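Working notes, structure below.
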């Protein structure tokens, strides 16, 4: 009788590590990751009239709405920066975070069918959402660039600064914040379905606590006693830093940048821990 060969090609075991992000295994399933990204991009607007044009329409109309309400009606100043460009810059950064958060927060419940039938690294699903939203973010950056060039061509004196070199780090921080929070929420939605509704509601409120439709300096001047709520919001530091490096206008400190980077890393690692612990037995409760 021949001896059994113990050199297995794949070995599926329960995860025992506190933090487990097996890049080797994720790379092995890279074709599946690419497939999920293509599916996310194609299927969302496949049966719509305007299709991918919604990627362009949404930030533009949101920026117009913010300009009419906050700048024309509420008279919130934006300094030497045209209000539309000011709002579009903040919205572009905010959209990437919010889409990563909402797209990840329902991972277990939305994919329970496929998770229960076939094995693959579960973290591929939230990663595919982050990469898909990076594609959308790139399109919206092009919209911002076109608007930026038009404003400069019309005679407004604005220019980016050397902090523009930090753009990849800002994108990484937005991705880690959205992915980390999304994985935490997705773990809880396996037992508490109403959290899905709460995420949409909380995200719509969080935009106003993250200095998206106004500069941080306005809160510091008009509401100094409560300004700390906005100041210590890591999303505020991202939005302000994003405006500062592109428009050379806004509030930027290395303390705020470092603080936001550390918070982003912590939330990502904590979210990964919760995600890994939940994937072991979520199918029994979802």
Percentage, to the nearest whole number, of Cα pairs in region 89-172 over 22 Å apart: 43 percent
Does region 137-192 come out rounded, prolate or oblate by the C-alpha gyration tensor, with a ≥ b ≥ c the root eigenvalues, rounded set by a/c under 1.5 and, if not, prolate when a/b is larger than b/c and oblate if not? prolate
Applying 1/(1 + (r/R0)^6) with R0 = 41 Å to the Cβ-Cβ distance of residue 201 and residue 154, what FRET efficiency is obtained, to the nearest 0.05? 0.60
Going by how many other beta carbons lie within 10 Å of each one, how would you line up 275, 201, 135, fewest first? 201, 135, 275
Counting other beta carbons within 10 Å of each Cβ, put 253, 236 in order, fewest first. 253, 236
If one computes P(r) from the Cα atoms of region 49-284, what percent of pairs lie at distances over 24 Å? 47 percent
Once you keep just the Cα pairs under 8 angstrom separated by 6 or more residues, what percentage relative contact order results for region 87-208? 51 percent
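Every number here is computed from the coordinates shown, using simple stated rules; none is lab data. Here the structure is a predicted model, which means the values were calculated and not measured. We place every Cβ from the backbone using ideal geometry, glycine too, and count neighbours over all the protein chains shown.
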